[in-house]
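Values in this text are rule-based calculations from the coordinates and carry no lab data. Here the structure is a predicted model, which is why all the values come from computation and not from measurement. Every residue, glycine as well, gets a Cβ built from its backbone with ideal geometry; the counts of neighbours run over all protein chains shown.
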Amino acid sequence: MPRLNVGTATLFDTLIVDHKSLHEFDDIEKLLDWKKIEKIVEGVYNSPEGGASYPPLMMFKAMLLQVWHNLSDVQTEKMLSRDLLFRRFCRLSLTDKIPDHSTISRFRNAMVTKNLYDTLLKEVNDQLAAKGAIVKTGEVSIVDATVIEAHQCRKKPGVNKDNTQDEEAGWSVKKGTKGKTEATFGFKAHVNVDEDGFTKKVQTTAGNVHDSQKAEDILTGSEEEVYGDSAYRSETINEKLAQKGIKNKINQRAYRNNPLTQEQKDYNTLVSGVRYVVERTFGSFKRHYGAGKTRFLGLKKTHGWITTIAIAHNLKKAAVILYSDPSGVKCA
């Protein structure tokens, strides 16, 4: 499929007065070999038919901007149209036509169809590890799951009086921090992060899937230690970790008529000093990127969205680690 020619500087672009605000994403630009990212997303458009399309790398960058600023497709279209920083990051000149909200939506759905999100997360993480942002020596995995409310979580009659509730979601029931039972209809993001909060793997399921069922799926296979809350503690998991030579740092679990001993409580307190990092990561996802409730219907679209958030989160974190000093001043 032919590509639209965008990014060619014009006379109008040379008239822009430079300002430090236009360089907000320069550190992120330096993080990656974008040609490798482009090679992955190039597969989104593989049909020789149809009109010229926007460059896939430009569209992927627009998705990152959408996550960083928690924007809808319509809002993203508006910002690409009027914001110089957005245009600069996406390599759009002042005279280039920008993609409308439906084009952004179709590109995202095509990414789902091609199953590219997990590949992109791995590629980004591999490059960040090569840069030294993600540490592979003595690798630690901290696993947990967070509930994401469905976009359509209540039973409502549609146009044909059919139920519009997301049929791929499920009920998650747990005790809240105040001891009350909380029920949420939606999905679960099962996530593996390292000690610095970089997201290594993501699995998305209906909300009624127990955390322990995805424990093995979100391990990398190269970690030396695994941390998790008591929901992951079982004889099966214990045996499998032991077989792989992985240190088991999962919280001890109390059973009926068999409460935790003081030693076990002390152990849980100790390992929770590491395990809290995954909770902090979930907090960032929900507070900064709107991950408390999915924007989309269906499991695959929600997984793609959460994985994009993980990629955007990792890039922001890596830029701070590599290009900022403790005082907040950017390094040369």
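The GluC sites (Glu not before Pro) of the stretch 42-108 that meet both conditions, a loop assignment by DSSP and at most 10 other Cβ atoms within 10 Å of the site Cβ, are E49.
Phi angles across the stretch 201-218 convert, under the Karplus curve 6.51 cos²θ - 1.76 cosθ + 1.60 with θ = phi - 60°, into 3J(HN,Hα) values of 9, 9, 10, 10, 9, 5, x, 8, 7, 5, 3, 5, 5, 10, 4, 5, 5, 9 Hz, Gly and Pro given as x. One chain, two ends: S93 and V135. Fully extended at 0.36 nm per residue, the span grows by 11.4 nm beyond their Cα-Cα distance.
What the Cβ-Cβ distance of R82 and L22 gives, at R0 = 22 Å and to the nearest 0.05, is a FRET efficiency of 0.95. Here the sum of -39500 (n - 2.57) over DSSP H runs of 4 or more residues, divided by the residues of the chain, equals -13000 deg cm²/dmol at 222 nm, to the nearest 500. Panel note: the C-alpha atoms of the chain, placed on their principal axes, show extents of 77, 60, 37 Å (largest first).
According to a simple spin-label model (label point 7 Å from Cα along Cα-to-Cβ), what is the distance in nm between S222 and Y255? For the pair Y255/S222, the computed spacing is 3.7 nm. Under 5 Å from the amide H of Q165 lie the amide H atoms of K156, each residue being 5 or more positions distant or on a separate chain, with H modelled from the backbone and absent for Pro and chain starts. Summarising the amide proton neighbourhood of G298: residues at separation of 5 or more, or on other chains, whose placed amide H is nearer than 5 Å comprise E168. With Cα atoms as the point set, the radius of gyration and Dmax of the stretch 11-114 evaluate to 14.1, 42 Å. Around the amide H of S53, modelled in the peptide plane, lie the amide H atoms of R3, L4, all under 5 Å away and 5 or more residues distant in sequence or on another chain.
A Förster distance of 35 Å, applied to the separation of the beta-carbon atoms of T181 and K240, puts the FRET efficiency at 0.70.
The Rg/Rh ratio of the stretch 136-293, with both radii computed over alpha carbons and Rh defined as the Kirkwood radius, is 1.02. Summarising the label geometry, the points placed 7 Å from Cα in the beta-carbon direction at S284 and K30 lie 1.9 nm from one another. Here is the list for the stretch 19-128: trypsin sites (Lys or Arg not before Pro) lying in DSSP coil, each with at most 13 other C-beta atoms within 10 angstrom of its C-beta, are K97. FRET efficiency for the S272 to R154 pair, using the beta carbon distance and R₀ = 35 Å, is estimated at 0.50.
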